[in-house]
Amino acid sequence: MDTLREWYDSDPESEMAELPDIDRSTPRCMKRRALTERALSQTLPKIKNRTARRLIEQAAELDRLSCQAERPVLDEEVSALLMDCGAALPSLLAVFEPHDAIEGCFDEDAQGMYEVIPEPNLILRLNGEDEQSVREAFRVLAVVCETLVCASRLMKMMPGMNPCGESTETTHEQLREHRRQ
């Protein structure tokens, strides 16, 4: 969305373009400050809905795993090599209602996604002659792999997803019924 906004801001003919209101499509509960680890551990046992509790536990595990490594910063030389590349492509999109503004913005952004080579999401530099460099690169890669596996598990658990992780056509009534459980 930020990229689209920048493009439209720099194009004098884009004054007519209307960008989706992402903020209004995001539920209030998603804008709250995140629970601390302590608050979450106190809250989890109180959640009666098994599915909701499992989703929250899996999301907490995803957060824990993803914090085990920092994305390596690219130096100027590598950044210069990638300057003609596009932005990294998203690996996960959360929408709160079918065809909401978030999905609309993604669809709009997707129109130009492959016009340039996408920037890699992760570049690990290693010196094959330095054992510590190799170990660190593979440690970060292991964290990335574990994080992706956990994210995949979480996505498969989401209401409206079948066991293969593919979306099923869920009606608003089915979503409301699931929330009541």
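Derivation of every value follows stated rules applied to the coordinates shown; laboratory data play no part. Small disclaimer: the values here were computed from a predicted structure and weren't measured. A quick note on method: Cβ atoms are made from the backbone with ideal geometry, for glycine too, and the neighbour counts reach across all protein chains shown.
Worth pointing out:
- Computed 3J(HN,Hα) for the range 76-86, one whole-Hz value per residue from the Karplus formula 6.51 cos²θ - 1.76 cosθ + 1.60 where θ = phi - 60°, is 4, 5, 5, 4, 5, 5, 9, 4, 8, 8, x, glycine and proline marked x.
- Close amide H contacts of Ala87 (hydrogens built in the peptide plane, cut-off under 5 Å, sequence separation of 5 or more or a different chain): Glu119.
- The range 76-147: chymotrypsin sites (Phe, Trp or Tyr not before Pro) in DSSP loop, at most 14 other beta carbons within 10 Å: Phe96, Tyr114
- ³J(HN,Hα) computed for each position of the range 59-74 - Karplus, 6.51 cos²θ - 1.76 cosθ + 1.60, integer Hz, glycine/proline x: 5, 5, 5, 4, 4, 4, 5, 5, 8, 7, 8, 9, 5, x, 7, 7
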